[in-house]
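To start, the structure itself, in structure tokens.
The values are calculated or read from the model by the stated rules, or taken from the named source; none is laboratory data. The structure displayed is predicted, hence computed values, not measured ones. Heads up, the Cβs are rebuilt from the backbone with ideal geometry, glycines too, and the neighbour counts pull from every protein chain shown.
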Amino acid sequence: MRPTRRTIRKEDSLDLLDRQDRVLEELFDEWSDADPTGLEPGQKVEVNWRRGTVAKLILEQGALRVAAQDDVIACLARSHHDRLAESLGEHIPAAKGYLDRIDECSRGVTPLDLRYSAGLRESIEALSKLWGDDLRHVRTTLPAVAQALGAERQGLRSARYVRAHAPLHPTVRQRWHHRVPGMSRLHALYDLVRSLPDAESSAFADQAVSRKVDQVGHPDV
């Protein structure tokens, strides 16, 4: 996934998780607001274009949230904070399943053409429902996570590293090849190429929607 966002240059995976919760809350609101039902044909085109861009962003930013969660949970486990780790990872398997379906529906499809995909709509709405309370719960839990980690927080990956190695198709089950050095980076690059055109493809996506991701406030943890 693109490691180019200026806003995450100096953050670690815990900062990134806090940021992603805020980003995804806004994206799910944008998805709900961009409902083409009952609009005139001309208006529907613009709304579907914006909504398709939001769908691409939900996939990208959702996969990034899961990758940040995985790293924080691994650090908590190494520090013997098993209860916090379990609480933080409760919904990850289900979320990965929904993200995989969104990826399969949107891979190689332009944002505007995503209006034809009932599977995409159902998966985004299911993910939104799954994460609805979880986003707020996790964000309020993160200060306790930071306090529990203390000096062990130095063991977290940087946000830039997580972003560069976060696959859009995260898969629920880990395979042997995921442990091969460098494979996670290749996996992320492969998924990115397959996803094109993405939310930052100027010829296909709504750039105004995509730029909003960079405008979310700084993390608090």
> Among the residues of the range 144-172, which ones are aliphatic (A, V, I, L, M) and either buried (at least 20 other Cβ atoms within 10 Å of the Cβ) or modelled with pLDDT of 90 or more (or both)?
Replying inline: A144, V145, A146, A148, L149, A151, L156, A159, V162, A166, L168
> Taking into account only those residues within the range 11-37 that are small (G, A, S) and closer than 18 Å to W49 by Cβ, which is modelled with the highest pLDDT?
Replying inline: S32
> Of the numbered conditions (1) part of a helix (DSSP H, G or I); (2) surrounded by fewer than 18 Cβ atoms within 10 Å (Cβ to Cβ), L27 satisfies every one except a single condition; which is it?
Replying inline: (2)
> Within the range 75-87, is there a residue that is under 24 Å from R136 (Cβ atoms), within 18 Å of the chain's Cα centre (by Cα), at pLDDT 90 or above and of a type outside the set (A, V, I, L, M)?
Replying inline: no
> Got a sec? Which helices (runs of 4 or more DSSP H) wholly within the range 33-121 have at least 1 residues that are surrounded by fewer than 17 Cβ atoms within 10 Å (Cβ to Cβ) and polar (S, T, N, Q)?
Replying inline: 41-78, 82-88
> Mind checking whether some residue in the range 130-140 is β-branched (V, I, T) and loosely packed, with under 15 Cβ neighbours inside 10 Å?
Replying inline: yes
> Residues E30, E25, E90: which one is over 14 Å from the mean Cα position of the chain (by Cα) and within 22 Å of D198 (Cβ to Cβ)?
Replying inline: E30
> Restricting attention to the range 105-137, which residues are in contact with a His (Cβ under 9 Å, 6 or more places away or on another chain) and either of a type outside the set (D, E, K, R) or modelled with pLDDT of 95 or more (or both)?
Replying inline: L130, W131
